[in-house]
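> This is the structure I want to talk about, given as C-alpha cells.
The values are calculated or read from the model by the stated rules, or taken from the named source; none is laboratory data. From a predicted model like this one, the values you see are computed outputs, not experimental measurements. Cβ placement follows ideal geometry from the backbone for every residue including glycine, while neighbour counts extend to all protein chains displayed. The area values use the complete protein model at the heavy-atom level, side chains included, leaving out ligands, DNA and RNA. Shrake-Rupley method; radii C 1.70, N 1.55, O 1.52, S 1.80 Å.
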Amino acid sequence: MAEENKVSLHGFFASPYVRRVELALKFKGIPYEYVEEDLKNKSSLLLKYNPVHKKVPVLVHNGKPIVESLVILEYIDETWKNGPQFLPEDPYKRAQIRFWASFVHQQVFQNMVLILKTDGEAQEKAVKEVSEKLSLLEEGIKSIFPEGIPIIDQENVGLLDIVIVSTFSSYKALKEVLGLELIDLEKTSPLLFSRLKALLELPVVEGALPPHEKVVGALKFMRQNALNSASV
Amino acid sequence: MAEEVLVFGAWGSPFSRRVEMALKLKGIEYKFIEEDLTNKSPSLLKYNPVHKKIPVLVHNGKPVAESLVILEYIDETWKDHPILPKDPYERANARFWAKFIDEKCLSAIFKACWGACWGEEKEHEKAEIEHEKAVKEVSELLQFLENELKEKRYFGGETVGLLDIAANTIGYWLGVFEEASGVELLTREKFPKLCNWANEFVCVTAIKENLPPRDKLIAYFRNRFGAGNASK
C-alpha cells in the first residue's frame, strides 16, 4: 500500500527563510508543490496553517503544517532519511550546529536586514554589529571543523550550510542595491566565503536561487519602503 | 565511568533552572556554579565567549550554550526519561511552541508588567493605553498556549516534556511577575487549562526542587524593576 506523501510549501520568492526550506527539500529530492504568497494579501490557507505568526515559510505534509524555518529543517531531516543527513549523529556536534544556525538566523541576519533598511548612523551601527558577528561565526566554523572543512557535495550538505547559503546568497544583490560594499566578506570571513562559494556552485543551489535582477528589485523595494516609513 | 557535568547559572533565572530541571528528571548528577551576572567569572566567559550568558552546560569539558539547545543535547545524550516525543511532527510542534514562548511571550509579559512609564500627569493616559495594549497582547499569546494544551495533563502528554520545561516561565515566573508588579495576566476565568497545568507542573518533583523561593524572587523583581504598572 503506497503511503501518501503530499508536500506543499507556502513561500515568498525573496525570503531567505523560504529558500532554506526549498533547498532542504531539493537536497533530499522530495517532490513538493510550491505556493507563492502575496505577503500584502495573504491567502486564507496560509492564515489557517500559521495562525500564530501568519508568516512564510509553511511546510504542509499530508495536511499538517509545520512553521519556523529551522524547525522545518529538522522536521525534514527527521522525516526523510534519504539524501544527506542535515545533522550529524553526535549530540555535541548537533548542539554546536544548532547553536551556530540560531546565531546566523537571529544575530547575523537581523543586522543584515537593518543594513538594508537604514542609513546614516543606524546603518553604521548595523554594519559594525554584522562585522563583529561574522568574526565570531568564523571562529565558530573553525571549532565545528577542527580538522578542516570537508569538501562540500550534494551528499554531505548540512543544516548550517543551508542556513549560510540562504542567508548570504543575496550578498551581491545587497551590494548592488546599496551601491557599495559595506562588508568585504572575502576579506573578513575567508572560511565562510569559501564555503559559501562552494555551496553556490552546487547544481541544486544554482537551480533554487531566484534570478539576480529579481532579488535586486525585491531588496530595492524593501529598502525604499523602510526608509520612507522611517522618515517623519 | 567518570563523567563531569557542570551547570553555570543563576538562582533566579528560568533559563538555567530549565537545564537543572531536565538533568533532575533524568537523574543526572551535576555541579551547579552560581554566577554573579554583574561580575561574570572567567570560566563563564571562556565557556560562552559568544553570548557571555548563562546557562552553560559543560559536559566533560565541552560547553553547550543556549537553554533550548542544551535541553536537546541533554535529551540526546542521556536517553532515560525522554523529554521529546519520537514522532517528528510532535517534535516539531514542541520546538515551535518552545520558541514561541521564548521569542514572543517573555518580552510581552515584561512590557505588560513593567513596560509603561508613569511619568508626568499628561503622560498617564498614553501610558494607560500602551499598558492595555500590552495586556491584550499577552492575553492573545496565552490563549494560543491554552488552546495547545487541549485535554493534556502536561504539554508533553502524560509526562513532563521539553515544552513543559521551556514553559517554566509561564508556569512559575509569570505568577511571580504578576505578584511583583500587581498586574493580573494568567486568570483562571480566561485560562483554566493553563492554570491547571501550572499547578500540576510545579508539583512534579524534578520541577519543584528547582524552583527558586517565591518570596525571594518577588522581592528581587520588585527591587530591580520597580513596583510595576498596576501601581499609581
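> For residue A:106, only one of the following conditions fails: (1) surrounded by fewer than 17 Cβ atoms within 10 Å (Cβ to Cβ); (2) modelled with pLDDT of 95 or more. What is its number?
(2) is the only condition that residue A:106 fails.
> Within the range B:1-107, which strands (runs of 3 or more DSSP E) (wholly inside it) include 2 or more residues that are within 23 Å of residue B:202 (Cα to Cα)? Break it down into steps so the answer makes sense when it comes.
On the way: elements: B:5-9, B:31-34, B:56-59, B:62-65.
The qualifying strands (runs of 3 or more DSSP E) are B:5-9, B:31-34.
> I need the full set of residues from the range B:68-82 which are open to solvent by 10 Å² or more (accessible area, probe 1.4 Å), at negative phi and more than 9 Å from chain A (Cβ to nearest Cβ), in order please.
B:78, B:79, B:80, B:82
> Please verify whether the range A:16-23 includes one or more residues that are of a type outside the set (Lys, Arg) and either over 24 Å from residue A:108 (Cα atoms) or in a loop (DSSP other than H, G, I, E, B) (or both). Full working, then the answer.
At the first step, the residues of the range A:16-23 found to be of a type outside the set (Lys, Arg) are A:16-18, A:21-23.
Now drop any that are not either over 24 Å from residue A:108 (Cα atoms) or in a loop (DSSP other than H, G, I, E, B) (or both), which leaves none.
The answer is no; no qualifying residue exists.
> Which of (1) closer than 22 Å to residue A:164 by Cα; (2) aromatic (Phe, Trp, Tyr); (3) away from chain B (no Cβ under 14 Å) does residue A:17 not meet, given it meets every other one?
(3)
> Output the residue which, of all residues in the range A:39-51 that are open to solvent by 20 Å² or more (accessible area, probe 1.4 Å) and touching a residue at least 24 places away in the same chain (Cβ under 8 Å), is nearest to residue A:82 (Cα to Cα).
Our first condition is that a residue be open to solvent by 20 Å² or more (accessible area, probe 1.4 Å); within the range A:39-51, this holds for A:39-45, A:47-49, A:51.
Checking which are touching a residue at least 24 places away in the same chain (Cβ under 8 Å) leaves us with A:39, A:43, A:45, A:49.
On the way: A:39: 33, A:43: 32, A:45: 29, A:49: 27 Å.
Here the residue is A:49.
> Please go through (1) in contact (Cβ under 8 Å) with a residue 40 or more places away in the chain; (2) over 16 Å from residue A:120 (Cα atoms) for residue A:186 and return the number of the only condition it doesn't satisfy.
(1)
> Among the listed residues A:68, A:3, identify the single one that is open to solvent by 10 Å² or more (accessible area, probe 1.4 Å), charged (D, E, K, R) and modelled with pLDDT under 95.
Values: A:68 fails: modelled with pLDDT under 95.
None of the other options fit; the residue is A:3.
> Does residue A:227 fit the bill of being aliphatic (A, V, I, L, M) and surrounded by 14 or more Cβ atoms within 10 Å (Cβ to Cβ)?
Numbers: aliphatic (A, V, I, L, M): yes; surrounded by 14 or more Cβ atoms within 10 Å (Cβ to Cβ): no.
Answer is no for this residue.
> Restricting attention to the range B:84-101, does a residue exist that is touching a residue at least 24 places away in the same chain (Cβ under 8 Å), open to solvent by 10 Å² or more (accessible area, probe 1.4 Å), closer than 20 Å to residue A:136 by Cβ and more than 8 Å from chain A (Cβ to nearest Cβ)?
No, there is no match, as no residue in the range B:84-101 is touching a residue at least 24 places away in the same chain (Cβ under 8 Å), open to solvent by 10 Å² or more (accessible area, probe 1.4 Å), closer than 20 Å to residue A:136 by Cβ and more than 8 Å from chain A (Cβ to nearest Cβ).
> Filtering the range B:159-175 down to residues that are of a type in the set (Val, Ile, Thr) and more than 15 Å from residue B:107 (Cα to Cα), which residue is nearest to the chain's Cα centre (by Cα)? Explain how you work it out, then say what you get.
At the first step, the residues of the range B:159-175 found to be of a type in the set (Val, Ile, Thr) are B:159-160, B:165, B:169-170.
Those left that are additionally more than 15 Å from residue B:107 (Cα to Cα): B:159-160, B:165.
On the way: B:159: 18, B:160: 14, B:165: 8 Å.
Ranking the candidates gives B:165 first.
> Are any of the residues in the range B:40-56 within 13 Å of chain A (Cβ to nearest Cβ), surrounded by fewer than 22 Cβ atoms within 10 Å (Cβ to Cβ) and in contact with a Gly (Cβ under 9 Å, 6 or more places away or on another chain)?
Looking for residues that are within 13 Å of chain A (Cβ to nearest Cβ), surrounded by fewer than 22 Cβ atoms within 10 Å (Cβ to Cβ) and in contact with a Gly (Cβ under 9 Å, 6 or more places away or on another chain), one finds at least one in the range B:40-56, hence yes.
> Same structure again: Could you list, in sequence order, the residues of the range B:13-39 that are surrounded by 13 or more Cβ atoms within 10 Å (Cβ to Cβ) and of a type in the set (Lys, Arg)?
Correct list: B:17, B:18, B:24, B:26.
> Just to be sure, is residue B:22 more than 10 Å from chain A (Cβ to nearest Cβ) and either closer than 22 Å to residue B:171 by Cα or without any contact (Cβ under 8 Å) to a residue 12 or more places away in the chain (or both)?
For residue B:22, the condition - more than 10 Å from chain A (Cβ to nearest Cβ) and either closer than 22 Å to residue B:171 by Cα or without any contact (Cβ under 8 Å) to a residue 12 or more places away in the chain (or both) - is met.
> Separate question: In this structure, is residue A:186 within 20 Å of residue A:77 (Cα to Cα), at pLDDT below 90 and open to solvent by 60 Å² or more (accessible area, probe 1.4 Å)?
Working: within 20 Å of residue A:77 (Cα to Cα): no; at pLDDT below 90: yes; open to solvent by 60 Å² or more (accessible area, probe 1.4 Å): yes.
Criteria not met by residue A:186.
> Go through (1) farther than 27 Å from residue B:51 by Cα; (2) open to solvent by less than 70 Å² (accessible area, probe 1.4 Å) for residue A:160 and report which single condition fails.
Among (1) farther than 27 Å from residue B:51 by Cα; (2) open to solvent by less than 70 Å² (accessible area, probe 1.4 Å), the lone unmet condition for residue A:160 is (1).
> Something else: In the range A:196-217, what residues are in contact with a Phe, Trp or Tyr (Cβ under 6 Å, 6 or more places away or on another chain) and assigned to a loop (DSSP other than H, G, I, E, B)?
Scanning the range A:196-217 gives a single hit, A:210.
> Name the helices (runs of 4 or more DSSP H) wholly inside the range A:52-154 in which the number of residues that are at the interface with chain B (Cβ under 9 Å from one of its Cβ atoms) and without any contact (Cβ under 8 Å) to a residue 24 or more places away in the chain is 3 or more.
Working: elements: A:69-79, A:91-103, A:109-117, A:120-144.
Counting at least 3 such residues, we get A:69-79, A:91-103.
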